[in-house]
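Colleague: Submitted below is the structure of interest, expressed as structure tokens.
Each value in this text was obtained by applying a stated rule to the coordinates, not by laboratory testing. What you are looking at is a predicted structure, and each value in this text was computed from that prediction instead of being measured. With ideal geometry, Cβ positions are generated from the backbone for all residues, glycine too; neighbour counts draw on all protein chains shown.
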Amino acid sequence: TITSQHLSDRVLEIQDAFEVSPTKLKQIVAHFVEELKKGLSAKGGNIPMIPVWVMDYPNGTETGDYLAIDLGGTNLRVVLVHLLGGQKFETEQEKYHLPKGMRTTRNRDELFEFIADCLEKFFYKLHPNGIEKGALLPLGFTFSYPASQTRIDTGVLQRWTKGFDIPNVEGEDVVPLLMDKINEKKLPIKVVALINDTAGALVASRYTDPTTEMGLIFGTGVNGAYYDRVGNIEKLKGKLLPDITDDSPMLINCEYGSFDNEHESLPRTKYDILIDEQSPRPGQQAFEKMTAGYYLGELIRLILVELYEEKQVFQKYSKDSEQIKLLYTPYLLDTSFLAEIEGDQDLENFPEVVRLFQEFLKIEPTLDERRLSRALSEIIGNRSARLSVCGIGAACTKMNIKKCHCAADGSVFHKYPKFPERAADSLADIFGWKEENIHPRNYPIQIVPSQDGSGVGAAVIAALAHARQ
Ligand code: ADP
């Protein structure tokens, strides 16, 4: 039988394995800075550090109507953005759920046809009679997978991430793949910019807040973008027009989910190693696998499976019961499971935890099991927040940024209770603000909720691209 003492010893052990001390955070950040630099070198490194050809800072005066689409991990969002200048904008939008199986369809046409179908529905909803003959609506395509760009309106997918795996897209420019389907439908729409959600978060927020220096995503994946100087980007040497000076800004989509793929500094637990080994691409996206929304539910599931096998939990259910079969289903739990467990305010009975276990696993958890699950959620959620901000620590250290806003988007940031506080606390550990007795409200680097990056950001980037043409 389980005693709470027994359980809490076991929890302490797990907590230890997931602990990331301030010293460790500083080590990770130091390694991260080196990896960011390596990614910009001619030889390259683990972190792609993709120049996205946005070479201007928006200043809030950009105007015009732009379409934006965002292919996220779960939805396709279509937005019409009216940039009004004076740091103001209006949007109209629609969300379309990605059909089941779309992320791993064997036929790439299905994906691009789906996007064109959604665009068609949206376009005719807003413009039942079409638009002026000959006119073209410029579209910013938020495509948040690592894509190499030689211009703003191209993007060759390097490799799928976040659970997508569709053949014959890697190595291809996705803009013509989409344009072909748009043209087949004779829609008056032209893709003028391919953008990444992190770049969008940064640019959209900077449109209204000039102190914004980074765009961040804490969602299905983790990623960040910032402006570097052309002179620091060794891999672009010889590839730029002569009138571009070393001091020109260049927006970099880091794609730092692949930080530490060689496993030098991140403190991996055996559960992280399992997730990696059982993933379609072992050895890739090491940082993402320990921090991002796609994986956090799987982490708690793996721990619960281990505790079941150790006969510590759920002992009233036999191995061949429906409940335990569910428990053994990979990726059954998503991050909302953890977030909602942490959101339960009733620490006597944990009614939300009971509801969640019934809903997802058909399990009736004992009080000890509820407490244990709450503790595990805190352990996993806290580690995710602490590690995720190492990317901010690294980019700000590299660029010598002491004070700024970092614009964050993604469900994990917006919906996971305490994630923003934990992230701020971790930044304070990295930069030593606690020793200086700075109040959290006054931390010099603040993570703030981003403006609508994939809509407004795509529109502003499309407007900047348009202005340069
Ligand atoms: P994407 O990154 O795919 O564009 P989101 O930012 O919505 O989209 O992130 C989706 C991820 O957020 C999923 O991996 C999911 O596990 C997680 N998530 C969904 N709902 C919640 C929630 N209520 N709290 C915390 N995380 C959530």
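Colleague: For a quick check: sort ILE324, ILE438, ILE303, ILE217 by the number of other beta carbons within 10 angstrom, fewest at the front.
Modeller: Lowest to highest Cβ neighbour count: ILE438, ILE324, ILE303, ILE217.
Colleague: Over segment 21-180, what is the relative contact order in whole percent, taking alpha-carbon pairs under 8 Å and six or more residues apart?
Modeller: 21
Colleague: Among GLU13, GLU348, GLU92, what is the fewest-to-most ranking by other Cβ atoms within 10 Å?
Modeller: Exposure proxy ranking, most exposed first: GLU348, GLU13, GLU92.
Colleague: Gain in length, TYR331 to GLU34, computed as 0.36 nm per residue apart minus the alpha-carbon separation, to one decimal in nm?
Modeller: Between TYR331 and GLU34, full extension yields 103.6 nm more.
Colleague: Which FRET efficiency value, to the nearest 0.05, do you get for ALA467 and ARG281 by plugging their Cβ-Cβ distance into 1/(1 + (r/R0)^6) with R0 = 41 Å?
Modeller: Rounded to the nearest 0.05, the efficiency is 0.60.
Colleague: Filter the cross-link list LYS88/LYS133; LYS24/LYS270; LYS235/LYS270; LYS133/LYS185 down to pairs whose alpha-carbon distance in this structure exceeds 27 Å.
Modeller: Pairs exceeding the cut-off: LYS88/LYS133; LYS235/LYS270.
Colleague: Can you compute the helix-only [θ] at 222 nm over the chain? Use -39500 (n - 2.57) per DSSP H run of at least 4 residues, normalise by all residues, nearest 500 deg cm²/dmol.
Modeller: Calculated at 222 nm, the ellipticity per residue is -13000 deg cm²/dmol.
Colleague: Where in segment 296-379 are there trypsin sites (Lys or Arg not before Pro) that are in a DSSP coil and have at most 11 other Cβ atoms within 10 angstrom of their Cβ?
Modeller: LYS311, LYS316, LYS319
Colleague: If you don't mind, there's one more thing I want to ask. Could you work out how far apart the two model spin labels at ARG103 and ARG229 are, taking each label as a point 7 Å from the Cα in the direction of the beta carbon, and quote it in nm?
Modeller: 4.1
Colleague: Under 5 Å between amide H atoms, partner at least 5 residues away or on a different chain: which partners does ASN196 have, H built in plane at 1.01 Å?
Modeller: Answer set, sorted by chain and number: PHE143.
Colleague: Using a 7 Å offset from Cα along Cα-Cβ at LYS434, what residues in segment 25-45 end up with backbone N under 20 Å from the label point?
Modeller: Only 25-30 fall inside the zone, counting backbone N under 20 Å.
Colleague: Using r as the Cβ-Cβ distance of GLU359 and HIS414, and R0 as 22 Å, what FRET efficiency do you calculate, to the nearest 0.05?
Modeller: 0.50
Colleague: Any chance you could run the full-extension gain for VAL448 through ILE131? It's 0.36 nm times the residue separation minus the Cα-Cα distance, nm to one decimal.
Modeller: So the chain would gain 110.4 nm between VAL448 and ILE131.
Colleague: Please figure out what share of the DSSP beta bridges in the chain is antiparallel and state it in percent, rounded to the nearest 5.
Modeller: Looking only at bridges with both residues in the chain, the antiparallel portion is about 60 percent.
Colleague: Next question, about the same structure. Treat every Asp and Glu Cβ in the chain as -1 and every Lys and Arg Cβ as +1, leave all other atoms uncharged, and give the resulting dipole magnitude about the Cα centre to the nearest 20 debye.
Modeller: Roughly 560 debye, rounded to the nearest 20.
Colleague: Please identify the DSSP H helices in the chain that span no less than 24 Å along the helix axis (Cα) and have a mean Kyte-Doolittle hydropathy of 0.5 or more.
Modeller: Passing helices, by number: 293-309.
Colleague: If you average over every viewing direction, what projected area does the convex hull of the Cα atoms of the chain give, in nm²?
Modeller: With the hull built on Cα positions only, its mean projection is 23.6 nm².
Colleague: With a 10 Å Cβ neighbour count serving as the proxy for reagent exposure, in which order, fewest first, do TRP53, TRP160 appear?
Modeller: TRP160, TRP53
Colleague: In addition: Taking the alpha-carbon centroid of each part, what is the distance from segment 75-108 to segment 37-60 in angstrom?
Modeller: Answer, in whole Å: 25.
Colleague: Determine, from the Cβ-Cβ distance of LEU12 and ASP320 and an R0 of 25 Å, the FRET efficiency 1/(1 + (r/R0)^6), rounded to the nearest 0.05.
Modeller: 0.20
Colleague: Given a cut-off of under 8 Å on Cα pairs at least six residues apart, what relative contact order in percent is computed for the chain?
Modeller: Relative contact order, the chain: 23 percent.
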